[in-house]
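For reference, the structure discussed in these notes is given below.
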């Protein structure tokens, strides 16, 4: 018999040495950077290159509890719990209505999401944590407010946000859902801690010691864009949320990657949030009428010879500095303009690529259309103005880096050109999300991508086709 002792943050295994050694071994993941770490001699001699998610003392983070129990079940090992968490003196109840907003009917998934958290357990052990894998337009503000209200306003909640536009949206919407008396916020010098507090990650992480006492007062953590929570800024905060036994990550692209290099990131996120509680796909949102459907077309891209052994050189030659590929993109954009598909968003990865496309697109179209570009190097105030002008339709064609791929609300977009050639399923999902917002001016939107040649780029192009198809959308191959 294995005893699993549990607190808000960690669990410990006690029992048979054979079983414990076996599970510890199975909960190791190879560090994808092991070769380079060894080369720099930054690890002790004899390090096996593995990340241990169960320590030599048999501790593990509570988010992995379901994985651990599943392992014991599969290996027919008996176990029991010793729960040292302070119990809630609250019997939660999922609201069906918040003000004038119904959480049932055509938004039944919102009610189901909250109920999945409230009812979550492992063999009868309350386990109120997990991930809500929810696509764009799912209504995260309502879901977060519903979770807080389900626990009858008695458990202080902190909401971690990274996007300024979303923060402003929450400033307006959350008080309308839960009332002004419980609502607080932390951004820059604007600080008002309360029972339901939204915070900008950047503000807290910059001076974490200043805020760490406040962080211990929360019992509920609601994390937006949870797929980013393995970054240092997020981890500095979540590791100090000692008393948050209720933990929810919201993201439409978490745990997507099955690549070996992303296994540690996924397991790190699971260590804090646990497993997916409910999944609401892009296809679901389209079929329910809450998102705009997309038609994806894959066109011939770079046809240069492969450059084996040097991905960066191949990318720079075939994409970043490839004028022929840029002109192909221009022709695709012109075709879509003929059908009235503006505003148009062109996605690139590097500033140099953005500059090339802007020079070509502006020269060809600038006299008739407003063409602008934006990236991380753009001055902050001007960047905000550009994004706002694009959002309201004052800019016809915006060439942007990945800074636009998350959380930006641009419902007018009718055409997206993915010129960036990413190999990340999360990035593809986020790029698609930019066109999914509903608007009366469109019934669908169009997205063009490229099939590039190359030792690496061709494989990445094939991956993207798989990623698009996995979202359940129509994909047309033009090569």
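The values are calculated or read from the model by the stated rules, or taken from the named source; none is laboratory data. Because the structure is a prediction, the values reported are computed rather than measured. Neighbour counts run over all protein chains shown; Cβ positions are idealised from the backbone, glycine included.
Just a few scattered comments:
- Candidate set: the range 139-164, residues that are within 20 Å of residue 435 (Cβ to Cβ) and surrounded by fewer than 24 Cβ atoms within 10 Å (Cβ to Cβ); chosen: the one modelled with the highest pLDDT: 139
- Set side by side, the residues 393, 454, 472 differ, and just one is surrounded by 22 or more Cβ atoms within 10 Å (Cβ to Cβ) and over 19 Å from residue 330 (Cα atoms), which is 454.
- Any hit, the range 286-306, residues being surrounded by fewer than 18 Cβ atoms within 10 Å (Cβ to Cβ), within 20 Å of the chain's Cα centre (by Cα) and within 23 Å of residue 110 (Cβ to Cβ): no
- Residues (within 18 Å of residue 345 (Cβ to Cβ) and within 23 Å of the chain's Cα centre (by Cα)) located in the range 447-466: 447, 448, 449, 464
- If you go through the range 325-354 and keep only what is closer than 30 Å to residue 313 by Cβ and part of a loop (DSSP other than H, G, I, E, B), you end up with 348, 349, 350.
- With respect to being part of a loop (DSSP other than H, G, I, E, B) and within 28 Å of the chain's Cα centre (by Cα), residue 357 falls outside the description.
- Of the strands (runs of 3 or more DSSP E) contained entirely in the range 403-479, those carrying at least 2 residues that are in contact (Cβ under 8 Å) with a residue 24 or more places away in the chain and touching a helix residue (DSSP H, G or I) at 6+ places or on another chain (Cβ under 6 Å) fall at 415-418, 445-451.
- Condition met for residue 60 (in a strand (DSSP E or B) and under 17 Å from residue 274 (Cβ atoms)): yes
- Filter result for the condition that a residue is surrounded by fewer than 17 Cβ atoms within 10 Å (Cβ to Cβ) and under 30 Å from residue 231 (Cα atoms), over 345, 313, 269: 313
- Residue within the range 366-373 that is closer than 30 Å to residue 257 by Cβ and touching a strand residue (DSSP E or B) at 6+ places or on another chain (Cβ under 7 Å) present: yes
- Residue in the range 203-214 that is under 30 Å from residue 437 (Cβ atoms) and touching a strand residue (DSSP E or B) at 6+ places or on another chain (Cβ under 8 Å) present: yes
- Of the residues making up the range 165-194, those that are buried (at least 19 other Cβ atoms within 10 Å of the Cβ) and not in a strand (DSSP E or B) number 6.
- Long-range neighbours under 6 Å by Cβ, at least six apart or interchain, first residue without any contact (Cβ under 8 Å) to a residue 60 or more places away in the chain within the range 305-324, second buried (at least 21 other Cβ atoms within 10 Å of the Cβ): 320/353; 322/302
- On the stretch given as the range 117-138, residues that are at positive phi, under 15 Å from the mean Cα position of the chain (by Cα) and assigned to a loop (DSSP other than H, G, I, E, B) total 1.
- Residue within the range 65-85 that is out of contact with any strand residue (DSSP E or B) (no Cβ under 7 Å at 6 or more places or on another chain), at pLDDT below 95, exposed (fewer than 13 other Cβ atoms within 10 Å of the Cβ) and not in a strand (DSSP E or B) present: no
- For the range 266-323, a tally of residues being assigned to a helix (DSSP H, G or I) and more than 30 Å from residue 233 (Cβ to Cβ) returns 9.
- Cβ-Cβ distances below 9 Å connect no pair with a first residue in the range 233-248 that is on the phi > 0 side of the Ramachandran plot, a second residue that is in a helix (DSSP H, G or I) and buried (at least 19 other Cβ atoms within 10 Å of the Cβ), and a separation of six or more residues or different chains.
- Only one of 245, 251, 231 that is within 21 Å of residue 131 (Cα to Cα) and surrounded by fewer than 16 Cβ atoms within 10 Å (Cβ to Cβ): 231
- Those strands (runs of 3 or more DSSP E) lying entirely in the range 1-43 with at least 1 residues at pLDDT below 90 and in contact with a strand residue (DSSP E or B) (Cβ under 9 Å, 6 or more places away or on another chain): 28-30
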